[in-house]
Amino acid sequence: RANQLARHLCHCGAKPGQRVGLCLDRTLDPVIAILAVLKTGAAYVPMDPVYPAERVRLIVEDAQCPIVVAHAEHQDRFTDGEATVVVLDGAERPWERESPDNLDVAVSPSDLAYVIYTSGSTGKPKGALVTHWNVYRLFDAMQPDFGFRSDDVWTFFHSYAFDFSVSEMWGA
């Protein structure tokens, strides 16, 4: 499913170096969408649907997201026309017609993986830019202390728009 969505996102203009917003409820969809965005070479920008509309608008504008993946319930937050909205649970699902094969997109460790917004000490949210290398280093540094194994069980407890979610998702 991630490959199919990634191909559709490419048709919508997703490419390496771009940022794609995500506004999805807690289902399997955020994980599929994150993988899809990464497969295009773009970086994901998570926005929790519980965020106030003003914060969501600020993030989309500040991160310069030309594409937003959202559930139908949240699509009205993006009606200003600034971004193409891909509605995952809508009646039309054109990505389901795409090939499930892996994409051939080169991604380097220095490429941006995600932009996560903090509360901001000034009251205005600030985007933290995180590369693929930063994510790798996190787990490489944690491995000696935690001894992660393939049979470990992980809990995806936090919102995917909170930085600790990275450990919960990619640790698994």
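General observations
- Taking one quarter of the surface of the C-alpha convex hull of segment 1-75 gives a mean projected area of 4.4 nm².
- Given a 1.4 Å probe and the protein chains as shown, residue 58 ends up with an accessible area of around 50 Å².
- Dipole magnitude of segment 5-156 about its Cα centre (Cβ charges: Lys, Arg +1; Asp, Glu -1), debye to nearest 20: 360 debye
- Projecting the Cα positions of 113, 5, 22 onto the charge dipole of the chain (unit charges on Cβ atoms of Lys, Arg, Asp and Glu, taken about the Cα centre) puts 113 furthest along the positive direction.
- If the chain linking residue 101 and residue 131 were pulled fully straight, counting 0.36 nm for each residue of separation and taking away their Cα-Cα distance, it would gain 8.3 nm.
- Pairwise centroid distance, computed over Cα atoms, of segment 112-172 with segment 51-103, Å: 22 Å
- Label sites at residue 158 and residue 141, each approximated as a point 7 angstrom past Cα along Cα to Cβ, lie 1.4 nm apart.
- Residues of segment 1-63: accessible area per residue with a 1.4 Å probe, Å²: 40 Å²
- Radius of gyration and maximum dimension Dmax of segment 34-152, Cα, Å: 16.8, 48
- Accessible surface computed residue by residue for segment 111-172, with neighbouring protein chains in place and a 1.4 Å probe, gives 64 Å² per residue.
- Taking a sphere under 14 Å around the Cβ of residue 128 and counting the other residues whose Cβ falls inside, with K and R at +1 and D and E at -1, yields a net charge of +1.
- Exposed-loop-free span, longest in the chain, where GluC sites (Glu not before Pro) count as exposed if DSSP calls them loop and at most 14 other C-beta atoms lie within 10 Å: 1-81
- Apportionment of accessible area to carbon and sulfur, the chain, percent (1.4 Å): 51 percent
The values are calculated or read from the model by the stated rules, or taken from the named source; none is laboratory data. As the structure is a computational prediction, the values presented were derived from the model and not from experiment. Positions of Cβ are backbone-derived with ideal geometry, glycine not excepted, and every protein chain shown enters the neighbour counts. For the accessible areas, the whole protein counts, side chains as well, though only heavy atoms, and no ligand, DNA or RNA atoms are used. Shrake-Rupley method; radii C 1.70, N 1.55, O 1.52, S 1.80 Å.
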